[in-house]
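A quick write-up on the structure given underneath.
Please treat every number below as a calculation from the coordinates, not as lab data. Note that this is a predicted model, so its numbers are computed, not measured. Every residue, glycine as well, gets a Cβ built from its backbone with ideal geometry; the counts of neighbours run over all protein chains shown.
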Amino acid sequence: MLKEAQIATVTIAAGSPANGKLIRELALRTRTGASIVAIERAGANIVNPGPDEELQVGDQVVLLGNPQHLDAARRDLLGQA
């Protein structure tokens with residue numbers, strides 16, 4: 001069932017369109033199919049962050065999805081077309 005499930009990490013940069021946005025505002029799962037399952041921030045871990053968690057510069061965002069979902073989510077979080 002989880003054969004295609006993979007995990008990827010994206011670092012939020014200052015110029016990222018995700019910087020300063022709440023997870024709910026991004027609608028990442030709806031738009032890309034990938035889910036944010038954890039955030040590493042300044043050495044602390046936020047596992048299964050809620051929709052009101054704000055992404056910040058330097059956050060390591062852990063994503064779960066299939067390869068296509070993850071590619072789309074990376075482009076979205078990094079502001080790449």
Specify which labelled value, from [x] -0.24, -0.66, -0.90; [y] -0.26, -0.72, -1.00; [z] -0.59, -0.90, -1.01, agrees with log10 I(q)/I(0) by the Debye sum over Cα atoms at q = 0.11, 0.18, 0.21 Å⁻¹ derived from the coordinates of the model shown.
[x]
With springs connecting C-alpha atoms under 10 Å apart, model the chain as a Gaussian network and identify which of G65, G33, G43 has the largest mean-square fluctuation.
G43
Find how much the distance from Q80 to A13 grows on full extension, using 0.36 nm per residue of separation minus their present alpha carbon separation; answer in nm with one decimal.
22.9 nm
Taking only C-alpha pairs under 8 Å that are 6+ residues apart, what is the relative contact order of the chain in percent?
44 percent
Mind listing the phi-derived Karplus ³J(HN,Hα) values for segment 68-76, rounded to whole Hz, using 6.51, -1.76 and 1.60 with θ = phi - 60°, and x for any glycine or proline?
5, 4, 5, 4, 5, 5, 4, 4, 5
Distance in nm between label sites at D71 and Q56, each 7 Å beyond Cα in the beta-carbon direction?
3.4 nm
Restricting to DSSP loop positions (anything but H, G, I, E, B) with no more than 14 other Cβ atoms inside 10 Å of their own Cβ, which GluC sites (Glu not before Pro) remain in segment 1-75?
E4
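Write out the trypsin sites (Lys or Arg not before Pro) in segment 1-60 meeting two conditions: DSSP loop, and at most 11 other Cβ atoms within 10 Å of their Cβ. Intermediate values should be presented prior to the final figure.
Values: sites: K3, K21, R24, R29, R31, R41; in loops: K3, K21.
Here the sparse-neighbourhood loop sites are K3.
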Euclidean distance between Cα centres, segment 64-81 to segment 20-41, Å
11 Å
